[in-house]
Amino acid sequence: QVQLVESGGGLVQPGGSLRLSCAASGTLFSRIAMAWYRQAPEKQRELVAVIASGRSTNYADSVKGRFTISRDNAKNTVYLQMNSLKPEDTAVYYCKTDYAGKTYWGQGTQVTVSS
């Protein structure tokens, strides 16, 4: 089994930055892909970014050039660096992975971009 715990959310002004963290346990972290999703109120959950075990990355068009996903295998942690934040980025952000045929989600962390 895999356990995922997110942290780093909060309130930030437009144009500001935040870094989210997701700590994983219960598996060989270095060998699995990790992803960040987000869900705004009354909206569908959407993929934000993904990083493979080999550290290749993909991003949603809406965040490309502003967000960066990375991983530290020694710490079993994946990060989402968010720069130039916009009010449209306001959502609950979730860490997600797939292991041994099962999907695992973190509890989510709230990001609010407002002046």
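Look through the range 75-108, keep the residues that are β-branched (Val, Ile, Thr) and crowded, with 19+ Cβ neighbours inside 10 Å, and return whichever of them is farthest from Gly65 (Cα to Cα). By that ranking, first place goes to Thr97. Only one of the numbered conditions (1) in a loop (DSSP other than H, G, I, E, B); (2) modelled with pLDDT of 95 or more is not met by Cys22, and that is (1).
Residue count for the range 65-74 satisfying the condition of being assigned to a loop (DSSP other than H, G, I, E, B) and farther than 13 Å from Lys86 by Cβ: 0. Select from the range 7-19 the residues that are part of a strand (DSSP E or B) and closer than 13 Å to Thr112 by Cβ and list them in ascending order. Within the range 7-19, Gly10, Leu11, Val12, Leu18 qualify. Has the range 3-19 got at least one residue that is at pLDDT below 95, out of contact with any helix residue (DSSP H, G or I) (no Cβ under 9 Å at 6 or more places or on another chain) and open to solvent by 50 Å² or more (accessible area, probe 1.4 Å)? Yes: the range 3-19 contains one or more residues that are at pLDDT below 95, out of contact with any helix residue (DSSP H, G or I) (no Cβ under 9 Å at 6 or more places or on another chain) and open to solvent by 50 Å² or more (accessible area, probe 1.4 Å).
Please go through the range 42-59 and pick out each residue that is of a type outside the set (Gly, Ala, Ser) and either within 13 Å of the chain's Cα centre (by Cα) or surrounded by 14 or more Cβ atoms within 10 Å (Cβ to Cβ) (or both). Hits for the range 42-59 are Arg45, Glu46, Leu47, Val48, Val50, Ile51, Thr57, Asn58, Tyr59.
Answer yes or no as to whether Ser62 is polar (S, T, N, Q), open to solvent by 40 Å² or more (accessible area, probe 1.4 Å) and not in a strand (DSSP E or B). Spelling it out, Ser62 is indeed polar (S, T, N, Q), open to solvent by 40 Å² or more (accessible area, probe 1.4 Å) and not in a strand (DSSP E or B).
The values are calculated or read from the model by the stated rules, or taken from the named source; none is laboratory data. These numbers come from a predicted model, not from an experiment. Backbone-built Cβ (ideal geometry, glycine too); neighbour counts: all protein chains shown. In case anyone asks, the SASA skips ligands and DNA or RNA and just uses the protein heavy atoms, side chains included. Shrake-Rupley method; radii C 1.70, N 1.55, O 1.52, S 1.80 Å.
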